[in-house]
Amino acid sequence: MKVEIWSDVVCPWCYIGKRRFEAALAQFEHADDVEVIWRSFELDPGAPQLQREPHAERLARKYGVSLAQVEAMDARLVGEARKEGLDFHLAESKGGNTFDAHRLIHLAAESGRAGEMKERLMKAYFTEGVAIGERAELVRLAADVGLDEAEVKAMLSSERFADAVRADEARARAFGISGVPFFAIDERYGVSGAQPAEVLLDVLRQAYVNSQMVVVGGEDADSCADGSCTI
């Protein structure tokens, strides 16, 4: 069973949704049969490498709200994150372009470490105040999950995986995905938003049941097996 997850590393609900999905997967009876694929999605493709404007001021300007309203929104997010064991420090976050971060996740996927890389990037951004748009920081974070520093530097200085990121985003548009997180299961079930773990678990179970072949007949039915019908 394949689960594709579209998200951005600077999306707070994506980090919360990641934890809720992990909680659902931990309770899923067939978790060993699940392949998780992290798909790229940029919330702000035109963002500079590093946002110089402070977090609260930038959001107030972007959404046309007051600083008090931003503080209220942040407080809600911090509270929801805490329920999932996450420690958000939104006021210290350093926004920036995430295209290279997504390329880095694709590189990590080649060695089966996409999930680890995704987690490291999100923790760095939301908890540690790391500017994940800066390449030097990406190299450091990649080393934390065991990626080769020279290979990471070479990738970042090239166009490697740029097409993969754009292909993920084109696939999202084809599915009609306009917000993240978004979970697609076997290209048949879609879950939008950071739904509670129990909702995600129900969808996983339903998808698994419907993916199983229903066999009519049995061992005594007229059939050929193990060379028994050799002519």
Practice task
Please tell me if residue 22 is charged (D, E, K, R), in contact with a helix residue (DSSP H, G or I) (Cβ under 9 Å, 6 or more places away or on another chain), assigned to a loop (DSSP other than H, G, I, E, B) and surrounded by 12 or more Cβ atoms within 10 Å (Cβ to Cβ).
Solution key: no
Completion exercise
Within the range 116-171, residues being part of a loop (DSSP other than H, G, I, E, B) and of a type in the set (Lys, Arg) number 1
Exercise for the section: Please work out if residue 59 is part of a loop (DSSP other than H, G, I, E, B) and more than 19 Å from the chain's Cα centre (by Cα). Expected result: no
Practice task
Give just the number: which of (1) crowded, with 21+ Cβ neighbours inside 10 Å; (2) of a type outside the set (Asp, Glu); (3) out of contact with any strand residue (DSSP E or B) (no Cβ under 9 Å at 6 or more places or on another chain) does residue 97 not satisfy?
Solution key: (1)
Problem - Odd one out for residue 144 among (1) in contact with a helix residue (DSSP H, G or I) (Cβ under 7 Å, 6 or more places away or on another chain); (2) on the phi > 0 side of the Ramachandran plot; (3) not small (Gly, Ala, Ser) - result: (2)
Problem - Breaking point among (1) out of contact with any Gly (no Cβ under 8 Å at 6 or more places or on another chain); (2) over 29 Å from residue 23 (Cα atoms), for residue 110 - result: (2)
Handout entry: Of residues in the range 175-231 being at pLDDT below 60 and either surrounded by 10 or more Cβ atoms within 10 Å (Cβ to Cβ) or of a type in the set (Gly, Ala, Ser) (or both), the one farthest from residue 12 (Cα to Cα)
Key = 228
Completion exercise
Residue hits (the range 66-79; surrounded by 15 or more Cβ atoms within 10 Å (Cβ to Cβ) and either farther than 30 Å from residue 197 by Cα or in contact (Cβ under 8 Å) with a residue 60 or more places away in the chain (or both)) are 77
Problem - Pairs with Cβ under 9 Å, 6+ apart, first in the range 27-40 and farther than 23 Å from residue 104 by Cβ, second of a type in the set (Asp, Glu) - result: 27/198
Completion exercise
Inside the range 134-171, the number of residues satisfying the requirement of being surrounded by fewer than 16 Cβ atoms within 10 Å (Cβ to Cβ) and not charged (D, E, K, R) is 10
Practice task
Quickly run through the range 101-121 and pick out the residues that are surrounded by fewer than 24 Cβ atoms within 10 Å (Cβ to Cβ), within 11 Å of the chain's Cα centre (by Cα) and not charged (D, E, K, R).
Solution key: 114, 115
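The values are calculated or read from the model by the stated rules, or taken from the named source; none is laboratory data. None of these values were measured; they are calculated from a predicted model. Here the Cβ is made from the backbone with ideal geometry for all residues, glycine too, and neighbour counts use every protein chain on show.
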